1. So what is the relative contact order of segment 21-229, in percent, for Cα pairs below 8 Å that sit 6 or more residues apart?
2. Please give the contour-minus-distance gain from residue 126 to residue 164: 0.36 nm per residue of separation, less the Cα-Cα distance, rounded to one decimal in nm.
3. Report, to two decimal places, the Cα Rg of segment 1-61 normalised by 2.2 N^0.38 Å (N = number of residues).
4. Among bridges DSSP assigns within the chain, what percent are antiparallel (round to 5)?
5. Please list log₁₀ I(q)/I(0) at q = 0.10 Å⁻¹ for the chain, using the Debye equation with identical point scatterers on the alpha-carbon positions.
6. What distance in nm lies between label points placed 7 Å from Cα along the C-beta direction at residue 85 and residue 39?
7. Taking the convex hull of the Cα atoms, report for segment 1-140 its projected area averaged over all directions, in nm².
8. State, to one decimal in nm, how far the label point of residue 15 lies from the label point of residue 194, with both points 7 Å from Cα in the Cβ direction.
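Every read-out reported here was derived from the displayed coordinates using simple, explicitly stated rules and does not represent laboratory data. Model, not experiment: these values are computed from the prediction. Reconstructed Cβ throughout: ideal geometry from the backbone, glycine too, with neighbour counts over all protein chains shown.
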Ligand SMILES: C[S@@+](CC[C@H](N)C(=O)[O-])C[C@H]1O[C@@H](n2cnc3c(N)ncnc32)[C@H](O)[C@@H]1O
């Protein structure tokens with residue numbers, strides 16, 4: 001998401017400080033302590049400006065809702081939206097999906113939302129797609145068995161490619177549609193979705209359920225594209241993991 005640098009970002013973040021988990025790794029294995037009566041933990045990856053996050057958390061007060069975003073200028077808008085609604089069951093992580101296993105213990109997440117992620121159309125950057133096999137393995141490490149990934153995108157090619165990846169990664173597919181709103185608006189729309197819907201673009205959606213695998217596929221830490229935010233980024237002499 002390209003965004004103009006927001007003036008007053010830090011004071012605005014400070015005003016929403018109670019919603020921000022500053023050290024998500026310290027929360028690993030302890031997320032439910034934030035809401036002991038929560039019936040489930042839902043995690044949204046790349047929440048952007050967060051109209052989906054705010055609406056979902058409001059509609060599901062018995063759920064602990066965590067929103068992850070690596071662009072603070074977008075995330076602060078999401079935080080302000082949730083604060084304005086007075087929500088007590090939503091928290092934010094300023095971080096990268098590549099580090100999810102540092103933030104969450106095995107099985108700690110019941111449901112994961114990936115909405116309108118960047119398609120990274122070129123093969124050169126395919127590994128950055130949030131439905132790339134390396135990310136699907138990563139998610140297995142935080143999702144419980146039977147947990148779901150709910151995936152929406154406007155991008156036809158990314159969707160078809162992802163439909164091929166999920167089963168290979170040990171997820172069973174259901175609720176596959178290439179025109180979610182054909183019969184009228186279904187579910188909560190994200191900021192991007194609202195724009196595409198107004199333009200008449202059809203929305204793709206599927207649910208991928210984590211199946212038990214024995215043995216689990218090997219996990220190789222993911223190297224993020226941003227060296228400033230990824231201390232594990234290899235030097236020129238370090239291999240970047242296997243395909
Ligand atoms: C196209 S926007 C969609 C935002 C929102 N989900 C929506 O549908 O309105 C994709 C968002 O995902 C975030 N994002 C992309 N890759 C990410 C990653 N590896 N970790 C965390 N956030 C990421 C981007 O910063 C951006 O805000």
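1. Working: 385 pairs, mean separation 43.5, N = 209.
Here the relative contact order equals 21 percent.
2. On the way: separation 38, 0.36 × 38 = 13.68 nm, distance 1.40 nm.
In short, 12.3 nm is gained.
3. Numbers: Rg = 13.9 Å, N = 61, 2.2 N^0.38 = 10.5 Å.
So segment 1-61 has a normalised radius of gyration of 1.32.
4. Values: 11 of 33 bridges.
Within the chain, antiparallel bridges account for around 35 percent of the total.
5. -0.46
6. 1.7 nm
7. Directional mean of the projected Cα hull area for segment 1-140 stands at 8.4 nm².
8. Result: 1.9 nm between the two label points.
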